Amino acid sequence: MENINNLNELQSFINDNTFAFLYVSSKNCSVCTPLSYKMEEMLSQFPNINLRKMDLDELPEVGSTLSLFTVPMMILFIEGRETFRESRFVKINEFRDNIKRIYDIYYN
């Protein structure tokens, strides 16, 4: 997953991709790195979803912009609008099913 390095990059990513998935983590989060690998692997089933990750410690201003109060946080934007958000304790299978439902509605 590529990193988002500033607010302008984040806005461009969200606005330039039909499906934009943002994974937000921090340095002190013990589950963030392992979960990011699982998310990346799971989302590879959906070729039209573009992925990026962001470290909240490096871009704290984005935390207030997106109302991020905890990590890890996963947000799916569709056509520039937040459509789905999940945080902290994520059940991968349920998360995949929710994404699949949205994805199938859009592409089928």
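The values are calculated or read from the model by the stated rules, or taken from the named source; none is laboratory data. Keep in mind that what you see is a predicted model, and the values were worked out from it rather than measured. With ideal geometry, Cβ positions are generated from the backbone for all residues, glycine too; neighbour counts draw on all protein chains shown.
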Notebook entry, point to check: (1) without any contact (Cβ under 8 Å) to a residue 12 or more places away in the chain; (2) more than 13 Å from the chain's Cα centre (by Cα): which one isn't true of residue 37, the others all being true?
Noted result: (2)
Item checked: Checklist (1) within 14 Å of the chain's Cα centre (by Cα); (2) surrounded by fewer than 19 Cβ atoms within 10 Å (Cβ to Cβ); (3) assigned to a loop (DSSP other than H, G, I, E, B) applied to residue 27, failing item -> (1)
Next item on the list: Kindly provide the set of residues from region 86-108 that are farther than 23 Å from residue 37 by Cβ and either without any contact (Cβ under 8 Å) to a residue 12 or more places away in the chain or surrounded by 15 or more Cβ atoms within 10 Å (Cβ to Cβ) (or both), ordered by number.
Entry: 101, 104, 105, 108
Note to self: Kindly evaluate residue 40 against the criterion of being in a helix (DSSP H, G or I) and of a type in the set (Asp, Glu).
What the structure shows: yes
Margin query: With the structure loaded, tell me whether residue 99 is β-branched (Val, Ile, Thr) and modelled with pLDDT of 90 or more or whether it fails that test.
Written below: yes
Notebook entry, point to check: Among the candidates 85, 52, which residue alone is modelled with pLDDT of 90 or more, touching an Asp or Glu at 6+ places or on another chain (Cβ under 6 Å) and part of a strand (DSSP E or B)?
Noted result: 52
